[in-house]
Structure formats: C-alpha cells, structure tokens
C-alpha cells in the first residue's frame, strides 16, 4: 500500500508540474490570417485586387472572415484611422485612404459618401487627383439616379408619372454607362440598371389589378427583366419572381373561376400552371445554385395546390 501511495504521489506531482508549466507558457501566436490589419497598404492591396471584379455577373468577393470584401475594407480603413490617428496625423496617406474609401463605398451603394471621399482625395497634389475627380463626378451621377423615385401612385396620373421616373432613371444610367467604357464602373452601373428594372417590374406587379391589362404588363416587365439581365448573378431570382407571378395568377384564376363552374377554362389554367412549373423547375435543376432548394420548395407547394383542383375538368 505504501508503494502504491508513493506512485500516486509522484503522478500527482508530475500532473501539477505540467499544469504549472502550461500556465507559465506564453499565449500561442494567433493565426496571421486573423490578426488585425497593421497597415493601410495591407488593406489597400486587398481592395485594389478586387476593384476590377465584375459584381454584376458574380457575387462580391468575401474575405477570410466571410464578410463582403468592400465593406470589410471600409471598416478596416476606418479602424486604422482611429487606432493610428497619431501616426497618420502627418497626412502623407490622406489621399490614399480617402480614395480607397471611395472605392469601397461605391461598391456598397453609398454613392454620396463615395463622392465626398473622392473630393477629399482630389484636394491634395496627388497622382490620384485626376482619377478622384472623374470618380467623384460618376458617383454624383449615380447618386442622382438612385434618388429618382416614383411618387404619388394613388392616381392614374401618379402611376404614369412613376413609370416616367423609372424611364428617366434608366436613361440617365445608360448614358453614364456609355461614358465609362470598360472601366470597373461598367459593372456598378449595370447593377443599378438592373435594380431600376427590378423596381419597375415590382411596381407593375403591385398595381396590376388597377389596369384592365395589368396582368399582361406585369408579366411582360418580369419577362423582359429575365431576358435583359440573363447574365446577371441574380438571374435565378428573376426566374423565381416570374414563376411566383404565374403561380399567383393561377391561384387567383381558381378563386375567381372555381373548377366546378362553367366559367372555368382548362386551357387557360393549364397555360398558367405550366409556365409557373417551368420557371421553378428551371431553377431547381441547377446544381450548385443557392436558389435550388428554394425553387424546389416552391414547386412542391404549387403542386400541392394543383392536387386540390378537380381533375375531371381536364378530362376529355
């Protein structure tokens, strides 16, 4: 027993010594990838790498934390300005920081703030001055277009004025697109044109019951959206929106024309049903698409609705 007690005592002593050594050891160095940014140039290098990215066709890049690279770069620049205020007080990097913030802000649609940053960058005698001047003008035009919104849609005149507002906004963006050529602003402006077309299509879908041909106009607007922006990263979302409208029209048709009534027109109903199912299937069959599961669930829900319809109405 005495020998066993001695062995246990030695084990306890060894464990205690190990714990003490671990406690005395220094904290391990963190993974370099997750350390806070130490310099402005480090942030600028990451941002500069992603400035040419085509964010119209592809989703914005993400950094190692999974955050939008443009928003992350903006936050890191602001944090560096706060953490190293004394070191940056000399102002040697003011133009670089202001210009880089402008590049980040324009990608997150803060066009007014981007223009302010570019104007700050052009105030200095810097190689960035001319590009900052040009970028400030472009962002000011983008901000102007973004603020062209429909107003007063409660009347016929108001709704027509709203459609005119969408047309003016799109025309302004198309003119700007022709001016920027193949620069990175082409993707930014195409995104704004797409947003304008989405807003117009949603508007026509919202007010379609107020017009005799409202359903046709709403369908035409979303179909045009799908065709015009078929290369966009949002093309699956547009297809789902078109499928949703067809499905909504099919449901409304059944509500207004019960299947058991003589006013029910099977060919017209089948046309709406097949169009909705075709849109949902087109998206649900795309492996790797983030909207795949969403489309499959919508298709299942729509098929469940179809099972409630009297099958005798489709028999010869």
Being at negative phi, surrounded by fewer than 14 Cβ atoms within 10 Å (Cβ to Cβ) and not in a helix (DSSP H, G or I) narrows 60, 150, 127 down to just 127
Confirm whether residue 271 is assigned by TED's automatic domain parsing to the domain that holds residue 238, under 30 Å from the mean Cα position of the chain (by Cα), modelled with pLDDT of 90 or more and closer than 18 Å to residue 243 by Cβ. no
Can you confirm whether the range 86-97 contains a residue that is free of Cβ contacts under 8 Å to residues at least 40 places away in the same chain and either in a helix (DSSP H, G or I) or assigned by TED's automatic domain parsing to the domain that holds residue 190 (or both)? yes
Quick one: residue 6 ticks every box in (1) part of a helix (DSSP H, G or I); (2) at pLDDT below 90; (3) within 28 Å of residue 289 (Cα to Cα) bar one, so which box is it? (3)
State which residue is nearest to residue 106 (Cα to Cα) when the search covers only the range 189-224 and only residues that are touching a helix residue (DSSP H, G or I) at 6+ places or on another chain (Cβ under 7 Å) and not in a helix (DSSP H, G or I). 207
Those residues of the range 232-246 which are within 19 Å of residue 193 (Cβ to Cβ) and not in a loop (DSSP other than H, G, I, E, B), in sequence order: 235, 236, 237, 238, 239, 241, 242
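Residue 304: in contact with a helix residue (DSSP H, G or I) (Cβ under 6 Å, 6 or more places away or on another chain), closer than 30 Å to residue 230 by Cα and at pLDDT below 90, yes or no? Write out each step before concluding.
On the way: in contact with a helix residue (DSSP H, G or I) (Cβ under 6 Å, 6 or more places away or on another chain): no; closer than 30 Å to residue 230 by Cα: yes; at pLDDT below 90: yes.
No.
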I'd like to verify a number: residues in the range 261-297 that are crowded, with 17+ Cβ neighbours inside 10 Å and farther than 22 Å from residue 225 by Cα, how many? 2
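In the list 162, 186, which residue meets the criterion of being at pLDDT below 95 and assigned to a helix (DSSP H, G or I)?
162
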Name the pairs: first residue in the range 287-316 and within 27 Å of residue 265 (Cα to Cα), second residue at pLDDT 80 or above and part of a loop (DSSP other than H, G, I, E, B), Cβ to Cβ under 7 Å, at least 6 apart or on different chains? 309/259; 310/259; 310/260; 313/259; 313/264
Any residue at all in the range 140-162 that's under 15 Å from residue 98 (Cβ atoms), in the same structural domain as residue 51 (by TED's automatic domain parsing) and free of Cβ contacts under 8 Å to residues at least 40 places away in the same chain? no
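The values are calculated or read from the model by the stated rules, or taken from the named source; none is laboratory data. Given the structure is predicted, the values throughout are model-derived calculations rather than measurements. All Cβ positions, glycine included, derive from the backbone under ideal geometry; neighbour counts span all protein chains shown.
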